[in-house]
Structure formats: C-alpha cells, structure tokens
Amino acid sequence: MNKELQAWADKNITFVGNSNTNRSSRRGQVPEMIVNHISEGTISSVINWFTNEGNDVSSSHFAVDREGKVYQFVDIEDSAWANGLTGGIENATSSLVLKKGESISPNWYSVSVEHEGFYSETKGELTAAQLESSKILHHYIIEYVYDKFNFRIEPTRERIIGHNEVNKIDRVNCPGELFPFDEIINYLQSNTERFLDLHGHWAEDLIIKAHQEGWVKGYPDGTFRPDKPVTRAEVVAMISEK
C-alpha cells in the first residue's frame, strides 16, 4: 500500500459500523468490482439505518457525504448487503455478474460505496469535494484488495459499476445517469499502482513515484521487473520522455 494513500485513509475514513451492521462472509470469493450507489437520504439517515438494530436487510462498506467525508460500516474482508440479486440475474447488465451467474451473490465479490444524495435533485452528480474523496477512496479500495487478496481490481467500467447494473429494474436510478464514472476511472488509470511485481519491494514507493511523474512506464504485461538490469535503450527512453 502506498504510504501516502494509507495516511489518507487513516486520516479521512471514520469507521462507524457497529454490532447491528449487517455483514457476512465472502464465502471464498475475492472482491472483484466496486459498486456505486446513491443514498436517497442524508448521511445522518444512512448512518442511522446501517447501524440500526431494526435493519436486517442492507448495509454498505463505505459512504461519502456531500462534504467529502468518508464513513466505513463493514470491513472489506467481509461482505456488505448492498448488491444482492433480489430481482434475479435477468435484471443484471454487468458482464461480471452475468458471468458469475445467479448461484454466486454479487455481495460476495464486490465492495459497495454509497454517495449522499437524492436522485431527483442530482441525477447522481457529486459535489466537487464528494468526487475528490470518492476518487481517492476507489484508489484505496483497489490497493487494499490487492494487499489483502492479491487481486487487482482493474479501473474499467466492467469493474467500476453502478447498482443499476446489478438490478436494472428496481435500482434503475442508482447511482444516476450523471454519476461521474469517467472522471473516477480516468483518475484511477492515472494513479493506481499497476505493477504486479512491486509489492513489498524495497524501492516500491520510489518506483511508483517515478511512474506517476512520467519517468518510467513498466512492461506491457503489467510488471516492472525492478531487479532487472536497465539497458542503454531504456535509459535513453527515460531521458527522452522528459
């Protein structure tokens, strides 16, 4: 995990889940996608509902309020109850959900993010602060999943989806047509740590920083090969890039 990203999480994510918050095992599944929601309520009502003993039907891993504050209800290691196939597999449009089939609940292989808002007011559009926090939160989730499960959620529309792609009938407006998928994915594609062979390497942070600043690119297969000798051609390529 990038140290700066972990520092952001330590400072900005407030865990508010309690013993009433619904959660369950992932049943051997790995988180493979992030599902975005609109809360259809204020952040206070979201917190109250997901920590209420009277709620035995739903929960979420995270919620982002309009001011950009991030709240966590369920550990990523566990399933939240947000993306079940209550309407049946025939209501799904997500290619991953269709591939997994009806016998495997999307709750088991997803991470859920609620966003404070009302569809009738915003159509899914986020405030500037909310969008910025959601971008970084998505990045954090991707790196956390890689650290814990050794699986990288690729920042694409197949893996960063809306609730309506799990249930196109009952959740048609969740998160809404103005939800900024493109902005989030463009950010992730520019900032996520792509190199599959850097985890735990002594130069991991330095290489990631060099990549983010445009000095190095890595190899097409997603590796960096940090211990491989640099050729003259690669040195020339790095110099010419700058």
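Could you tell me whether segment 130-147 includes any residue that is more than 11 Å from the chain's Cα centre (by Cα) and without any contact (Cβ under 8 Å) to a residue 12 or more places away in the chain?
No, the conditions are met nowhere in segment 130-147.
Just to verify a result, which residue in segment 150-165, among those that are among the charged types (D, E, K, R) and at pLDDT below 95, is nearest to Q29 (Cα to Cα)? Give the derivation first.
Residues of segment 150-165 among the charged types (D, E, K, R): 152, 154, 157-159, 165.
With the extra rule that they be at pLDDT below 95, the set shrinks to 152, 154.
Values: R152: 14, E154: 17 Å.
Checking each candidate, the answer is R152.
So, in segment 125-164, how many residues would count as being in contact with a strand residue (DSSP E or B) (Cβ under 8 Å, 6 or more places away or on another chain), in a helix (DSSP H, G or I) and either outside the structural domain of Y71 (by TED's automatic domain parsing) or over 18 Å from W8 (Cβ atoms) (or both)?
Residues that pass the stated criteria total 1.
Of all residues in segment 112-124, how many are within 17 Å of T14 (Cβ to Cβ) and either among the aliphatic types (A, V, I, L, M) or over 19 Å from the mean Cα position of the chain (by Cα) (or both)?
1
Return yes when G84 is over 17 Å from L131 (Cα atoms), small (G, A, S) and either crowded, with 18+ Cβ neighbours inside 10 Å or out of contact with any strand residue (DSSP E or B) (no Cβ under 9 Å at 6 or more places or on another chain) (or both) and no when it is not.
yes
Just give me the residues in segment 177-208 being surrounded by 13 or more Cβ atoms within 10 Å (Cβ to Cβ), modelled with pLDDT of 80 or more and of a type in the set (S, T, N, Q), in sequence order.
N186, N191
Just checking, how many residues over segment 120-143 are of a type in the set (S, T, N, Q), surrounded by fewer than 21 Cβ atoms within 10 Å (Cβ to Cβ) and within 13 Å of E183 (Cβ to Cβ)? Spell out how you get there, then give the answer.
Restricting attention to segment 120-143, the residues satisfying the condition of being of a type in the set (S, T, N, Q) are 120, 122, 127, 130, 133-134.
Going one step further and asking which of them are surrounded by fewer than 21 Cβ atoms within 10 Å (Cβ to Cβ), we end up with 120, 122, 127.
Keeping just the survivors that are within 13 Å of E183 (Cβ to Cβ) gives 127.
Qualifying residue count for the region: 1.
Please give the number of the condition F151 fails out of (1) out of contact with any Asp or Glu (no Cβ under 9 Å at 6 or more places or on another chain); (2) surrounded by fewer than 24 Cβ atoms within 10 Å (Cβ to Cβ).
It fails just one condition, (1).
Which of the strands (runs of 3 or more DSSP E) contained wholly in segment 22-115 include at least 3 residues that are β-branched (V, I, T) and not assigned by TED's automatic domain parsing to the domain that holds I185?
In segment 22-115, there are no strands (runs of 3 or more DSSP E) which contain 3 or more residues that are β-branched (V, I, T) and not assigned by TED's automatic domain parsing to the domain that holds I185.
For the list (1) under 21 Å from D147 (Cα atoms); (2) of a type in the set (D, E, K, R); (3) over 19 Å from the mean Cα position of the chain (by Cα), I need the number of the one condition that R26 fails.
Exception for R26: condition (3).
Assuming K168 fulfils every condition listed in (1) modelled with pLDDT of 95 or more; (2) in contact with an Asp or Glu (Cβ under 9 Å, 6 or more places away or on another chain); (3) outside any helix (DSSP H, G or I) apart from one, which condition is it?
Of everything listed in (1) modelled with pLDDT of 95 or more; (2) in contact with an Asp or Glu (Cβ under 9 Å, 6 or more places away or on another chain); (3) outside any helix (DSSP H, G or I), K168 misses just condition (2).
The values are calculated or read from the model by the stated rules, or taken from the named source; none is laboratory data. Since the structure is predicted, the reported quantities are computational estimates derived from the model, not experimental observations. Here the Cβ is made from the backbone with ideal geometry for all residues, glycine too, and neighbour counts use every protein chain on show.
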